[in-house]
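Please read the structure below before turning to the comments.
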Amino acid sequence: MQAGEFDVLEGLERVPLALAETARALELIDHHVHGCYVDEIDRAAFEESFNEASTDPIPAFMTQFDSQPGFAFRRWCAPLLGIERHAPADEYWAARAALAPADLDRRLLPHAGVAHWVMDTGFSSRPITDPAAMAAESGGATSEIVRLELLAEALLAGGIAPADFAEAFRTEIAEAAGHAVGFKTIVAYRTGFDIDWTPPIEADVTAAVTRWAAQGTTAPRLVDPVLEAFVVHAAVGTGLPLQVHVGFGDRDLDLHRANPMLLLPLLRRTDVQRTPVLLLHCYPYHREAGYLAQAFDNVYFDIGLGVNYLGAQSGQLIAESLEIAPFAKQLYSSDAFGLPELHLVGSILWRRGMAAVLGRWVREGEWSEDDACRVLRMIGAGNAQRVYGL
Ligand SMILES: [Zn+2]
């Protein structure tokens, strides 16, 4: 991470030596991440790509550069594009736009120091790099996570008979389990978490698919609570890790219904407790997620996405993520999507935040430096290695 261009821990107050070295050099596992845009994008699309919540264009009275991620890009990515740190937004954009997308990826991604990307290959409105391209451009290995809703929607679009749906979905899931390291649900976006989590009986699944098919759309969207419960339980049946989008996302999602406490009826089921459940992002419910990670042996969480969006203020989020959850229950993630800046800055901010907070506890004599290094390695890579069997 030092690589001549910059020191990722620059400006932090006296980080103990061994901890600083671990924070700089640790090879991360980014357990929830997406590919980078394959095609060139214009400035409007670029700025929209680091506003998560709005689905509208950036208004004319402002630039999205004036935000925490915008400032972080200008601080940390600018030197890798051959311009001064904190270069003005127009200059940053010009330097970025001068590079082909793949060249930009190769310029930025290796500096994230990620040894393994666990990629969500689900829906994107623009083409994004697949795991093979990501590996080639970054130098890291890749694994794949399969999205449950996409699998179900593809089955329906393929013209499956409603009575055959349940069996066909279980076959698809079993097949995916052969190559993917886990599944992901975006039930937060579709119904919210406050649904009946009882595994539906076959007849109810067939009836729900019949209603769904009757809508006759060519791009079917799974929004039925019965079918959400069905696909989640089908995935849980494989025993592979299940990722759940939690909290922060775009405004299509009812944020208050994406509070992970609403998952309690699902998490209390003993059949679900045999499968690792990974709560993704979680902000602003990272404290609730930490509670659930303490309460259930099979529940894990991360603070990806939030770290990137909080930028220079992410140190506090990182410190709060180290409150009540056991340290074996948290994983590193960037949740970067589209822009390689996000893959890089996610890693830098996390390394800095962890070094700052753990460094302070070591300096104050609360923690040993060995323990601090060990916890950094657990959250940065070891826990993911264990959960996904990498
Ligand atoms: Zn994501």
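Note on the chain: Rg/Rh from C-alpha atoms, Kirkwood Rh, equals 0.97. Label sites at Thr198 and Ala219, each approximated as a point 7 angstrom past Cα along Cα to Cβ, lie 3.6 nm apart.
Solvent-accessible area assigned to carbon and sulfur over the chain amounts to 51 percent, based on a 1.4 Å probe.
When you filter the trypsin sites (Lys or Arg not before Pro) in region 1-50 for DSSP loop state and at most 14 other Cβ atoms inside 10 Å of their Cβ, you are left with Arg14. Mean residue ellipticity at 222 nm from the helices of the chain, using -39,500 (n - 2.57) per DSSP H segment of n ≥ 4 over the full residue count, to the nearest 500 deg cm²/dmol? Result for the chain: -11500 deg cm²/dmol, rounded to the nearest 500.
Springs between Cα atoms under 10 Å define the GNM used for the chain, and in it the highest mean-square fluctuation of Ala372, Ala258, Ala23 occurs at Ala372.
If I require 15 Å or longer along the helix axis, counting alpha carbons, and a Kyte-Doolittle average no lower than -0.5, what helices from the chain are left? Use full DSSP H segments.
Details: long enough: 165-176 (16 Å, 0.13); 202-214 (18 Å, 0.28); 225-236 (16 Å, 1.71); 340-363 (34 Å, 0.32).
Those that pass (Cα extent of 15 Å or more, hydropathy at least -0.5) are 165-176, 202-214, 225-236, 340-363.
In a fully extended conformation the segment linking Ala97 and Asp371 would gain 94.3 nm over its present Cα-Cα distance, using 0.36 nm per residue.
What longest region of the chain stays clear of GluC sites (Glu not before Pro) that DSSP places outside H, G, I, E and B and that have at most 15 other Cβ atoms within 10 Å? Present the calculation step by step, with values, prior to reporting the outcome.
Values: sites that count: Glu5, Glu10, Glu13, Glu27, Glu40, Glu84, Glu323, Glu364, Glu366.
The reported range is 85-322.
Here's the picture: charge each Lys and Arg Cβ at +1 and each Asp and Glu Cβ at -1 in region 340-390, and of Ser347, Tyr388, Leu376 the one pushed furthest to the positive end of that dipole is Tyr388.
A cut-off of 5 Å between modelled amide H atoms, ignoring neighbours fewer than 5 places along the same chain, links Met119 with Ser143, Glu144, Ile145. Where both bridge residues fall in the chain, DSSP classifies roughly 5% of the beta bridges as antiparallel. Considering only Arg363, Arg190, Arg106, the Gaussian network model of the chain with Cα springs below 10 Å gives its largest mean-square fluctuation to Arg363.
Take the alpha-carbon positions of region 243-313, form their convex hull, and give its projected area averaged over all directions (one quarter of the hull surface) in nm². Show your work: numbers first, answer last.
Working: hull surface 19.2 nm².
Averaged projected hull area, Cα only: 4.8 nm².
In this structure the chain gives 40 Å² per residue of accessible area when probed at 1.4 Å with all protein chains present. Each Lys and Arg Cβ is given +1 and each Asp and Glu Cβ -1; about its Cα centre, the chain then shows a dipole of about 640 debye.
The overall shape of region 204-330, judged from the alpha-carbon gyration tensor, is oblate: a/c is not under 1.5, and a/b is no greater than b/c. For region 41-99, dividing the convex hull volume of the Cα atoms by the residue count gives 80 Å³ per residue. For the chain, averaging the sequence separation of C-alpha pairs within contact (under 8 Å, six or more residues apart) and dividing by the residue count gives a relative contact order of 22 percent.
The values are calculated or read from the model by the stated rules, or taken from the named source; none is laboratory data. Being a predicted model, the structure only gives us computed values, none of them experimental. We place every Cβ from the backbone using ideal geometry, glycine too, and count neighbours over all the protein chains shown. Just the protein is used for accessible areas: all its heavy atoms, side chains included, with ligands, DNA and RNA removed. Shrake-Rupley method; radii C 1.70, N 1.55, O 1.52, S 1.80 Å.
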